[in-house]
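Trainee: Okay, handing you the structure first.
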Amino acid sequence: MTTIPPSPSKFMTLERHISEGERAHPGATGEFSAILHSLSLAAKLVWREVTKAGLVNILGKTDRMNISGDIVKKLDEFADITIYRAMDHGGHLCVMASEENEDLLQIPEEHPQGKYVLLYDPLDGSSNIDANVTIGSIFSIFRRVTASGAGTMEDVLQPGSRQVAAGYVLYGSSMMFVYCSGHGVHGFTLDPTVGEFLLSHENIRIPDRGSIYSVNEGNYRRWGEQVRRYVDYLKEEDRATGRPYSLRYIGSLVADVHRTLLYGGIYFYPPDSRNPNGKLRLMYENNPLAFIVESAGGAASDGHGRTLDIQPTALHERSPLFLGSREEVKLVEEFLSGRR
Ligand code: AHM
Ligand code: MG
């Protein structure tokens, strides 16, 4: 008899991973798995469109994408609608909210209401598309707090610590789906030849320290004094490590955070004189990425306290973000509070 050696990781598809995760929870209804499956399908549809963006001027005009400047906007819209449509009919969600829409997105009347809430940033960093730079989608899932019917603002405005899952999709040199549903952070890479996400990064752990900082330093003169002092410190030659930190800034949040997750270090978007709360949106960007980074052993702060503890008061509110290796976030908080 021939014995075939086991090779479990090679055949660990996203679908199998989600199902096995759910089977580990007696009493799970499968609803949550269905949400993640639908999200991964939506992500593949967005990826298909993103990969075509560079061909628009060669293939000629279409009614959806006409001139180069318009592509960015159209892809944002396409991603927004595609994710909504992939998620509106499963019967698992009671309401959605997207960075692209001012108001809540209700589930159409003909479909049943479910017990979960989905928040998403359909296409983050989309100003980078024309330069073929990595962009991403971000999602955040809560359990509803109201009892039944259509979801309300109360269901959506929950602190990030109540997320039951969060994740992001990277549209880069390869496409990745990274998620956490409370049991570690796992990354899957799409094998485009078979259309499946395969487990490539199991149980990602962020290093406790790092030597990379990631920020739009062009805003230096607009920052408060503490942030400037902190960044000056990162550049000092004579720190204990014997060399300055390296600066890496893609300007695509998902890509900058993904690198931070794998290599360690810190990403930040601090307040500045034009944006007193920074630029990033608490519900669509900070919370889901903070959930992922904390679940991988890192930390996320608004500079003074834990991002996930912030009680949101508005759908599109902004909040400063300092996120990454635990020791690096602790250090920046020391600078910001004047302890250093
Ligand atoms: P967007 O949601 O409009 O795409 O803006 C968010 C993006 C992030 O991806 C990125 O980290 C940040 O904006 C870059 O901003 P800046 O150009 O000010 O550095
Ligand atoms: Mg965004």
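The values are calculated or read from the model by the stated rules, or taken from the named source; none is laboratory data. Just so we're clear, the structure is a prediction, and the values are computed from it rather than from any experiment. So basically every Cβ, Gly included, is an ideal-geometry build from the backbone, and we count neighbours across all protein chains shown. Calculation scope for accessible area: heavy atoms of the full protein, side chains included, ligands and nucleic acids excluded. Shrake-Rupley method; radii C 1.70, N 1.55, O 1.52, S 1.80 Å.
Trainee: Among the candidates Glu102, Glu109, single out the residue that is out of contact with any Lys or Arg (no Cβ under 9 Å at 6 or more places or on another chain) and more than 16 Å from ligand 1 (Cβ to nearest atom).
Mentor: The match here is Glu109.
Trainee: Only one residue in Asn287, Asn277 is over 15 Å from the mean Cα position of the chain (by Cα), assigned by TED's automatic domain parsing to the domain that holds Glu317 and polar (S, T, N, Q), so which one is that?
Mentor: The conditions single out Asn277.
Trainee: Taking the conditions exactly as written (open to solvent by 10 Å² or more (accessible area, probe 1.4 Å) and within 12 Å of ligand 2 (Cβ to nearest atom)), does Tyr245 satisfy them or not?
Mentor: No; evaluated as a whole, the condition is false for this residue.
Trainee: Can you say whether Ser137 is assigned to a strand (DSSP E or B), in contact with a helix residue (DSSP H, G or I) (Cβ under 7 Å, 6 or more places away or on another chain) and under 17 Å from Leu119 (Cβ atoms), as far as the supplied structure shows?
Mentor: Spelling it out, Ser137 is indeed assigned to a strand (DSSP E or B), in contact with a helix residue (DSSP H, G or I) (Cβ under 7 Å, 6 or more places away or on another chain) and under 17 Å from Leu119 (Cβ atoms).
Trainee: Write out, first by first residue and then by second, each pair whose Cβ atoms fall under 6 Å of each other, whose residues are 6+ apart or on separate chains, and whose first residue, in the stretch 251-267, is outside the structural domain of Ile292 (by TED's automatic domain parsing) and basic (Lys, Arg) while the second is open to solvent by 10 Å² or more (accessible area, probe 1.4 Å) and within 14 Å of ligand 2 (Cβ to nearest atom).
Mentor: Within 6 Å, no pair qualifies.
Trainee: Given the conditions (1) within 16 Å of ligand 1 (Cβ to nearest atom); (2) at positive phi, which single one is not true for Gly91?
Mentor: Gly91 satisfies every listed condition except (1).
Trainee: Hey, among Leu289, Leu282, Leu308, which residue is within 13 Å of ligand 1 (Cβ to nearest atom) and in contact with a helix residue (DSSP H, G or I) (Cβ under 6 Å, 6 or more places away or on another chain)?
Mentor: Answer to the check: Leu289.
Trainee: Just one of (1) acidic (Asp, Glu); (2) within 16 Å of ligand 1 (Cβ to nearest atom); (3) in contact with a strand residue (DSSP E or B) (Cβ under 7 Å, 6 or more places away or on another chain) trips up Asp272, so point out which.
Mentor: (3)
Trainee: Separate question: Could you give me the residue pairs with C-beta distances under 9 Å whose first residue belongs to the stretch 127-143 and is without any contact (Cβ under 8 Å) to a residue 24 or more places away in the chain, whose second residue is in a helix (DSSP H, G or I) and open to solvent by less than 20 Å² (accessible area, probe 1.4 Å) wherever it lies, and which are 6+ apart or on separate chains?
Mentor: Note: no pairs meet the criteria.
Trainee: Pull up the stretch 78-124, narrow it to residues that are within 14 Å of ligand 2 (Cβ to nearest atom) and free of Cβ contacts under 8 Å to residues at least 60 places away in the same chain, then point me to the one that is farthest from the chain's Cα centre (by Cα).
Mentor: If we take residues in the stretch 78-124 being within 14 Å of ligand 2 (Cβ to nearest atom) and free of Cβ contacts under 8 Å to residues at least 60 places away in the same chain, then Asn101 is farthest from the chain's Cα centre (by Cα).
Trainee: Given the conditions (1) open to solvent by less than 10 Å² (accessible area, probe 1.4 Å); (2) part of a loop (DSSP other than H, G, I, E, B), which single one is not true for Glu236?
Mentor: (1)
Trainee: Name every residue in the stretch 253-279 that is more than 14 Å from ligand 2 (Cβ to nearest atom) and small (Gly, Ala, Ser), in order of residue number. Lay out the reasoning, then the answer.
Mentor: Taking the stretch 253-279 and keeping what is more than 14 Å from ligand 2 (Cβ to nearest atom), we get 258-266, 268, 270-274, 276-277.
Selection gives Gly264, Gly265, Ser273.
Trainee: With Ile250, Ile206 as the choices, which residue is within 16 Å of ligand 2 (Cβ to nearest atom) and either out of contact with any His (no Cβ under 9 Å at 6 or more places or on another chain) or open to solvent by less than 10 Å² (accessible area, probe 1.4 Å) (or both)? Give the derivation first.
Mentor: On the way: Ile206 fails: within 16 Å of ligand 2 (Cβ to nearest atom).
Among Ile250, Ile206, only Ile250 is within 16 Å of ligand 2 (Cβ to nearest atom) and either out of contact with any His (no Cβ under 9 Å at 6 or more places or on another chain) or open to solvent by less than 10 Å² (accessible area, probe 1.4 Å) (or both).
Trainee: Can you give me the number of residues within the stretch 239-261 that are among the aliphatic types (A, V, I, L, M), modelled with pLDDT of 95 or more and not in a helix (DSSP H, G or I)?
Mentor: 2
Per-residue answers, yes or no, for (1) within 16 Å of ligand 1 (Cβ to nearest atom); (2) open to solvent by less than 50 Å² (accessible area, probe 1.4 Å); (3) closer than 23 Å to Phe78 by Cα; (4) part of a strand (DSSP E or B):
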position	(1), (2), (3), (4)
Leu118	no, yes, yes, yes
Asp130	yes, no, yes, no
Asp155	no, yes, no, no
Ser173	no, no, yes, no
His183	no, no, no, no
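Trainee: Which of the numbered conditions does Gly297 fail, given that it passes all the others? Conditions: (1) within 17 Å of Leu253 (Cα to Cα); (2) within 17 Å of the chain's Cα centre (by Cα); (3) more than 16 Å from ligand 2 (Cβ to nearest atom).
Mentor: It is condition (1) that Gly297 fails.
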